Amino acid sequence: MTMLRLENVTVRYGGTVAVDGVSLAVEEGELLCVAGSNGSGKSTLLRGILGLVPLAEGRVERGRAAYVPQAEDSGPDFPATVWEVVLTGTQRPGWQLPLYSRSNRRAAAKALADLGLTRLARQGVGTLSGGQMQRVLLARALCGHAGLLLLDEPCAGLDPAMRRVLYDLLGRLRRDEGKTVLMVTHDLNEVRAFAGQGPIPPRVAVMEHGKLAFTGPLGDYGREGA
Ligand code: ADP
Ligand code: MG
């Protein structure tokens, strides 16, 4: 089943074409890594998929998505604890009241434990380091019901051991829950080493100046001038 389909997606900021005619389909259970140099349009592509920036052209079809944006230098500054922030990830869309079922709490507690955050549960998010906040946002995305995970450089700010934990978690979610992952990353060697094959071998999409310069199995990337 196709979880995400892009047809000729184009995003402009004023006169700048940041994403230029991208077409792409991602199947259930897939891991698609988006690579490319700074400014090549990776983050804008994710924002376009989510509808956070308007499309100048093209269309997006997708199911429910959870999003972890690229880390900002300035951290969040609101009075909520790690536990409260992660728990909001279990809320279904349109659900207004912060009422959580036992299974919501269980899912949030598991995500906290998976990402090594249990000890920080009662701490205010305003006091966290960049890497800790990144883990909180990942836990929040991973404990919810969205079938599609859109992660913008989730490994930045994580140490190698935690990056490995994240790849293991994503592998489990793909395999056991059929989740589909689209993540921006610079380190394709790390993906090769950590991501495993999952239900479908990892794929890579390389962006250059807003266009897709390569898409294909990660195993093929870098061979024969690809
Ligand atoms: P990447 O994530 O690959 O580094 P971005 O998607 O952030 O690239 O940026 C793609 C292009 O769009 C760059 O030229 C960048 O300067 C420009 N850009 C990104 N965000 C904005 C914005 N909010 N307003 C204007 N230009 C932007
Ligand atoms: Mg970016």
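Here are the numbers for this structure:
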| quantity | calculated |
| --- | --- |
| Residue match in segment 27-35 (condition: hydrophobic (A, V, I, L, M, F, W, C) and part of a loop (DSSP other than H, G, I, E, B)) | no |
| Count - residues of segment 37-62 that are near ligand 2 (Cβ under 9 Å from one of its atoms) and assigned to a loop (DSSP other than H, G, I, E, B) | 4 |
| Subset of segment 194-214 that is small (Gly, Ala, Ser) and surrounded by 21 or more Cβ atoms within 10 Å (Cβ to Cβ) - its residue that is farthest from VAL68 (Cα to Cα) | GLY210 |
| Any pair with Cβ under 8 angstrom, 6 or more apart, that starts in segment 32-56 at a residue that is under 13 Å from LEU151 (Cβ atoms) and ends at one that is of a type in the set (Lys, Arg) and more than 8 Å from ligand 2 (Cβ to nearest atom) | LEU32/ARG203; CYS33/ARG203; ILE49/ARG62 |
| Which listed residue is within 24 Å of PRO201 (Cβ to Cβ), in contact with a strand residue (DSSP E or B) (Cβ under 8 Å, 6 or more places away or on another chain) and of a type outside the set (A, V, I, L, M, F, W, C), from THR44, THR2 | THR2 |
| Top-ranked residue in segment 143-168 [being of a type in the set (Asp, Glu) and away from ligand 2 (no atom under 16 Å from the Cβ); ranked as farthest from the chain's Cα centre (by Cα)] | ASP159 |
| Whichever residue in segment 174-193 is surrounded by 19 or more Cβ atoms within 10 Å (Cβ to Cβ) and closer than 27 Å to SER129 by Cα and, among such residues, is nearest to ligand 1 (Cβ to nearest atom) | VAL184 |
| Given (1) away from ligand 1 (no atom under 16 Å from the Cβ); (2) surrounded by fewer than 16 Cβ atoms within 10 Å (Cβ to Cβ), index of the condition GLY15 fails | (1) |
| Residue match in segment 150-161 (condition: surrounded by 21 or more Cβ atoms within 10 Å (Cβ to Cβ), at pLDDT 95 or above and in contact with a Gly (Cβ under 6 Å, 6 or more places away or on another chain)) | no |
| Odd one out for GLU84, checked against (1) of a type in the set (D, E, K, R); (2) farther than 30 Å from GLU27 by Cβ; (3) loosely packed, with under 15 Cβ neighbours inside 10 Å | (3) |
| Hits in segment 32-49 (condition: of a type outside the set (Ser, Thr, Tyr) and buried (at least 16 other Cβ atoms within 10 Å of the Cβ)) | LEU32, CYS33, VAL34, ALA35, GLY36, GLY41, LYS42, LEU45, LEU46, ARG47, GLY48, ILE49 |
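The values are calculated or read from the model by the stated rules, or taken from the named source; none is laboratory data. Since the structure is predicted, the reported quantities are computational estimates derived from the model, not experimental observations. Note: ideal-geometry Cβ built from the backbone for every residue, glycine included; neighbour counts use all protein chains shown.
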